[in-house]
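Single-structure report; data block below.
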Amino acid sequence: MNIKFYNTRSRATETFSPINPDAVRMYHCGPTVYDYAHIGNLRSYVFADVLRRTLECAGLRVTQVINITDVGHLTSDADEGEDKLEAGARREHKSAREIALFYTHAFLQDLAHLRIKTDGTIFPKATDHIPEQIALIQALEKNGFTYITSDGVYFDTARFPAYAEFARLDLSGMREGARIEKNLEKRNPTDFALWKFSPKDGKREQEWDSPWGVGFPGWHIECSAMSMKYLGEQFDIHTGGIDHIPVHHTNEIAQSECAAGKHPFVSVWMHNAFITVDGKRMAKSEGNFFTLSDIVARGFDPLAYRYWLLTAHYRTQVNFTWDALSGAQAALDRLRDMVSEWPLGGAVCNSCDEKFRAAILDDMNTAEALSVVWKLVSRDDKSSADKKATLLSWDRILGLGLADIKPIEIPLRVRELAEERAKSREANDFARADEIRAKIESFGFEIRDTETGPKITKK
Ligand code: AMP
Ligand code: ZN
C-alpha cells in the first residue's frame, strides 16, 4: 500500500517504507507531567493515534513509545529556569514523584476519553531510565562530543557539522545574537546540557549520582536514551509539535547520531501544527489554555474535540473557539443519530472507500476524509445499512466510537403514541398532535419531524 507522509527532515512528502517491511517503530515525545495537559498538547496525541491507526489499517505491526517526562524539563525549554516537576511539587505542596504519578494518570485518562489507542503502547518514564541516560552521555564523552562547565556536562554542537541541517538553523545569526547569552561557559550558543549538577548550596528533590557529580539529566537526553532502548539506534517515525523542531529534536538527532555513529537516527520526522486561541499559541505560559475537563464542564463530549481536530489537516494551525467546538459536537451528534438508527448487515461501499483511503494515505488528510464521510451520508443511491457498514469501517481510523453507539430502545407505548400523533397530523388535528408530543416527552423521549419522517430520540 502506498502511504505518503510529509517528512520534516526532507521538507517533502514521501512514500513511506519502513526499515522492516511489515513492522513500524515509532516514538512520540510525551507529556511533561507537572500539570494537566491542555487540549493543544492533546492534538499531538490524537495526531499520533490517527497515524498508528493508519499504519495498522495498512496491515503494518506498530511498536509505539510515548515517554513520560518526569524530570529535567526546565521552564525555558533550554538549560535555564526551574525544573517543571519541582515547580509543580512546590505549587501543590507534594513530592515531585506524587505530582508525576497524579498527572500521568490524568494524561492516560485524557487519552482514553479521546479514544487514543494505548494497547501495547510503551510509556517509559525518564526517572526509570537514569542509567541508560548516563551510559549515552558516557558514549558521547568517549567519542569526544562533550565538555564540562561549572553547572553541567554539555554537548559541543560544533563537533557535529550537520547540527543546523534538520531545522535549517542560521548558526552565524545565532552567534551574533549570543552576546546576551546567560551561560558564558558555553562554547557555542546552540550547545546544550546533557547532565546538570545539583546546586552547590542545596539539594534537589530528584537527583542522582553520576560519573560527573550529583545532578539530573537534561530533557533531550531522555528521549534519545528511551527511544534507542525500546526502538533501536535507527527507527521509522518520530513525532511531536512543531516547537520541537529547532531545539529538542535537533538535539536528539545530534546526541543519537554522535553516540551511535549511525545516520539517519530516524527516517521520518512528523510534526503537528499548533492550536491557537485568538491567534496565539495555546500554552500554559500564556494562560490561554483549556483542558479536556474544561470542555466536559461546558457540556461537550471529548470526542467532539477529536472530531474538531479531524476537520483540519494535522499540519494546519487551527484556532480554537467554543463556537467551532459546538459545530463539531452537532456534526458528531448527527453521525451518531444516523448510526444508531441505521440497521446493521450492509456492505462497505467500495468506490467511497477508495476515496476515503486515498485521503488518509495522502499524509493523513482527515479533513478530506471527513468530507468523504458527509458525501456518503447524503447519497440517495446507497442503503442506510451500506452507509452504516462503510462508516463503521472508516471509524477504525477516525476513532469516533461509532461502533459503540447502541441503537436506542424506544418503548412500545412511545411508538404507539408516535403513530397516533402521525394520524392526528394527517387529520390536521395539530392541537391533539402537540398534546401527544408532550406526552412522549413525559416519557423522556423527543420527537422531531425530519425530511424522512418523524424521528424519536432520547431527551
Ligand atoms: P509538553 O507536555 O509541554 O512537553 O508538550 C506535549 C506536546 O504538545 C509536544 O509535542 C508539544 O510540541 C505539543 N504542543 C504544545 N503546545 C501545543 C499547541 N498549542 N498546539 C499543539 N501542540 C502543542
Ligand atoms: Zn522528546
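The values are calculated or read from the model by the stated rules, or taken from the named source; none is laboratory data. What you see is a predicted model; the values in this text were computed from it and never measured. Cβ sites come from the backbone with ideal geometry, for glycine too, and all protein chains shown count toward neighbours. Accessible surface is based on the protein model in full, side chains and every heavy atom, while ligands, DNA and RNA are left aside. Shrake-Rupley method; radii C 1.70, N 1.55, O 1.52, S 1.80 Å.
Would you mind stating whether S340 is polar (S, T, N, Q), part of a helix (DSSP H, G or I) and in contact with a Pro (Cβ under 6 Å, 6 or more places away or on another chain)? Lay out the reasoning, then the answer.
Values: polar (S, T, N, Q): yes; part of a helix (DSSP H, G or I): yes; in contact with a Pro (Cβ under 6 Å, 6 or more places away or on another chain): yes.
The answer is yes for S340.
Residue check: Y230 meets all listed conditions (1) touching a residue at least 24 places away in the same chain (Cβ under 8 Å); (2) open to solvent by 30 Å² or more (accessible area, probe 1.4 Å); (3) over 17 Å from T127 (Cα atoms) but one, namely (3). With respect to the conditions (1) under 30 Å from I116 (Cβ atoms); (2) surrounded by 15 or more Cβ atoms within 10 Å (Cβ to Cβ), V414 lacks only one, and its number is (1).
Does R61 satisfy the condition of being open to solvent by 30 Å² or more (accessible area, probe 1.4 Å), more than 11 Å from ligand 1 (Cβ to nearest atom) and within 19 Å of F235 (Cα to Cα)? So R61 passes the test. Confirm whether D70 is closer than 26 Å to K284 by Cβ and acidic (D, E). For D70, the condition - closer than 26 Å to K284 by Cβ and acidic (D, E) - is met. Selection of region 215-246 for residues being at pLDDT below 95 and closer than 17 Å to Y163 by Cβ yields only G218. Any idea which residue in region 242-255 is most open to solvent (accessible area, probe 1.4 Å), counting only those that are more than 10 Å from ligand 2 (Cβ to nearest atom) and within 17 Å of N41 (Cα to Cα)? Among them, the one singled out is I242. Scanning region 26-42 for residues that are surrounded by 24 or more Cβ atoms within 10 Å (Cβ to Cβ), away from ligand 2 (no atom under 13 Å from the Cβ), not in a loop (DSSP other than H, G, I, E, B) and not β-branched (V, I, T) yields a single hit, L42. Of all the listed residues (F300, F289, F216), the sole one being on the phi < 0 side of the Ramachandran plot, open to solvent by less than 30 Å² (accessible area, probe 1.4 Å) and not in a helix (DSSP H, G or I) is F216.
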